Every structure is written in structure tokens, then in C-alpha cells.
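The values are calculated or read from the model by the stated rules, or taken from the named source; none is laboratory data. Please read all numbers here as calculations on a predicted model, not as lab measurements. No Cβ is skipped: glycine too gets one built from the backbone with ideal geometry, and neighbour counts run over all protein chains shown.
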Amino acid sequence: MRIPLYQVDAFTSRLFGGNPAAVCPLSEWLPEATMQAIAAENNLAETAFFVPQGDGYLLRWFTPTVEVELCGHATLASGYVVTRILAPERRLVTFDTLKAGPLEVTREGDRLAMDFPSWPPEAKPADPRILAALGARPAESFVARGRTLAVYDRAEDVAALRPDFAAMRRIAGADAIATAPGRDGVDFVSRYFAPNYGVDEDPVTGSAHCVLTPYWAARLGKEQMTARQISARGGELTCTLRGSRVTIAGQAVLYLEGAITV
């Protein structure tokens, strides 16, 4: 069996930037173990698989080790594949998902805008073991849907973090979003660490901005913000709070087109 494969750099306007995602359009689902094996073989932060459903698609995402409930950059990449390659006449595509509900991706010129849920942080401190593993204590911390949100005073503090990933792996389900105010036209910066999900540091994380957008909207008093994820590859996002939803927008670039034989 030959399965189409596209690799797309998401949340960037240049090749070798942003977050690379593999996208595999299917006519019907493969066995779950096969999809997980393909994701492990691809060895990218996420591989997305989708099958037709009505006017849209059913969508699932796998890291090299597990299936996840929500992935932003692979959704953006999937939207790119549909609206740029498979059905270029389309400007909007709806993906239904197992745990995150329906997600819309709209093509707006050279950008793609995703309609995602808003996950505001809870007013409780994070696990001190996770904060210690980050290597520098944040100014404040929160939890949002089980994710640690560590807020620092300066972008330089976030850039300097060198987490102890071995220590994080000893804490079941531990992952962390580190963030700080931005500068030079950027409202906020972030990094995301998820060693328990097969990704020590994710280059650009759309789903983390489901947490970051409501936090910074409340703190800055604005609904639309420019964000930058300051990983080694780096990525740019525009985030807009719309009540219980957020719009996360960015560009994407096709890197590879081929086929898998299984």
C-alpha cells in the first residue's frame, strides 16, 4: 500500500523554520499501531492523518510515541495540504477530532487561520518539581488542562532555560510552557517542553497558544497579539481571543512530497 506523505514547515514563511509536520491523507483509517509506527519512523514532533467525512475530514495526530488530543502545527499543515494541494479551490476546511471537537482552518492569502479552543490558566500554582526541572524559577506559575505555564519577567530568561528533561520524565505527564513579555513588536514569547510525549522541545506549538492567548489577552488588555516561539527553529503566530475560542494564524511552506510504502 502506498500512502501520500507531505512534510510542511508550519508557522513560518521560510524553509527550515517553524515546526515540521508530516501529513498523510487516507481514504480510510489504518490500524492505530500502523499510524503510530509511521509517526515513529517519521520522527517529527507530529504526524497528522485524516480521512474524508462529509465536506470535511476526521483528523488525528501522533508524536513518535503517543497520540495527542490537540496539535496546532500539524493542523495548520493539514489545512495547507487540503487548500493548497488537494483542493486549491477551497478556502475553508473543517477537521473533526476525537477529543478537541471540530477545528476550522481558513486560507487567508498566504496565511492560514485556525479556530481553536481557549484554555485559560487555572488560579493554582504548578507542581514545584516541574518548575525546578526548568532550571530557573519563574515569576509566577499556573496550570491549564494539566499543562504547566511558567511566566518569566524577560524574554532572555526564557531563551536561557536549559531544562532537566530526565527529571521531567520522572514526573508522569509533565510538560511545560515557558513564556515572557516580548519586544520589538512581539507581544509575548514562549518555549514548550514535552519530554513525556516524545518531544523534548517542540519548535512551534499551536496548542500551547490555546493557553497563552487567554493569559496574555487578560494581562495585556488586548484581543489580538503577535507571538514568537523562540526555539532554535523559531516561529511566528498571530493570536486572537474570541470568547471561548482563539484564532491562531501563521504561514506554512511545503518541504517534501512523496509516498510511504506499508
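Values as computed for the structure displayed
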quantity: Residue 193 being surrounded by fewer than 21 Cβ atoms within 10 Å (Cβ to Cβ) and either of a type in the set (Phe, Trp, Tyr) or under 16 Å from residue 122 (Cα atoms) (or both); calculated: no
quantity: Neighbours by Cβ (under 7 Å, 6+ apart or cross-chain): first from the range 173-189, farther than 17 Å from residue 145 by Cα and in the same structural domain as residue 223 (by TED's automatic domain parsing); second exposed (fewer than 15 other Cβ atoms within 10 Å of the Cβ) and not aromatic (Phe, Trp, Tyr); calculated: 180/153; 180/154; 185/226; 186/226; 187/220; 187/226
quantity: Among the candidates 252, 208, residue that is among the aliphatic types (A, V, I, L, M), closer than 13 Å to residue 73 by Cα and in the same structural domain as residue 68 (by TED's automatic domain parsing); calculated: 252
quantity: Filter pass, residue 136 being in a loop (DSSP other than H, G, I, E, B), over 22 Å from the mean Cα position of the chain (by Cα), modelled with pLDDT of 95 or more and assigned by TED's automatic domain parsing to the domain that holds residue 188; calculated: yes
quantity: Matching option when the condition is surrounded by fewer than 23 Cβ atoms within 10 Å (Cβ to Cβ) and among the hydroxyl-bearing types (Ser, Thr, Tyr), among 75, 47, 34, 12; calculated: 34
quantity: Residues of the range 146-184 satisfying the condition of being in a helix (DSSP H, G or I), surrounded by fewer than 23 Cβ atoms within 10 Å (Cβ to Cβ) and either out of contact with any helix residue (DSSP H, G or I) (no Cβ under 9 Å at 6 or more places or on another chain) or polar (S, T, N, Q) (or both); calculated: 155, 156, 157, 159
quantity: Flag if residue 81 is touching a strand residue (DSSP E or B) at 6+ places or on another chain (Cβ under 8 Å), within 21 Å of residue 257 (Cα to Cα) and either assigned to a helix (DSSP H, G or I) or not aliphatic (A, V, I, L, M) (or both); calculated: yes
quantity: Qualifying positions in the range 118-131 - surrounded by 13 or more Cβ atoms within 10 Å (Cβ to Cβ) and of a type in the set (A, V, I, L, M, F, W, C); calculated: 119, 126, 130, 131
quantity: Unique match (being assigned by TED's automatic domain parsing to the domain that holds residue 73, among the charged types (D, E, K, R) and within 19 Å of residue 69 (Cβ to Cβ)) among 41, 32; calculated: 32
quantity: The one condition in (1) in contact with a Pro (Cβ under 7 Å, 6 or more places away or on another chain); (2) under 21 Å from residue 101 (Cβ atoms); (3) not β-branched (Val, Ile, Thr) that residue 18 fails to fulfil; calculated: (2)
quantity: Those residues of the range 217-228 which are farther than 22 Å from residue 103 by Cα and either part of a loop (DSSP other than H, G, I, E, B) or not aliphatic (A, V, I, L, M) (or both), in sequence order; calculated: 219, 221, 222, 228
quantity: Counted residues, the range 232-248 - those being crowded, with 20+ Cβ neighbours inside 10 Å, within 14 Å of the chain's Cα centre (by Cα) and over 12 Å from residue 207 (Cα atoms); calculated: 1
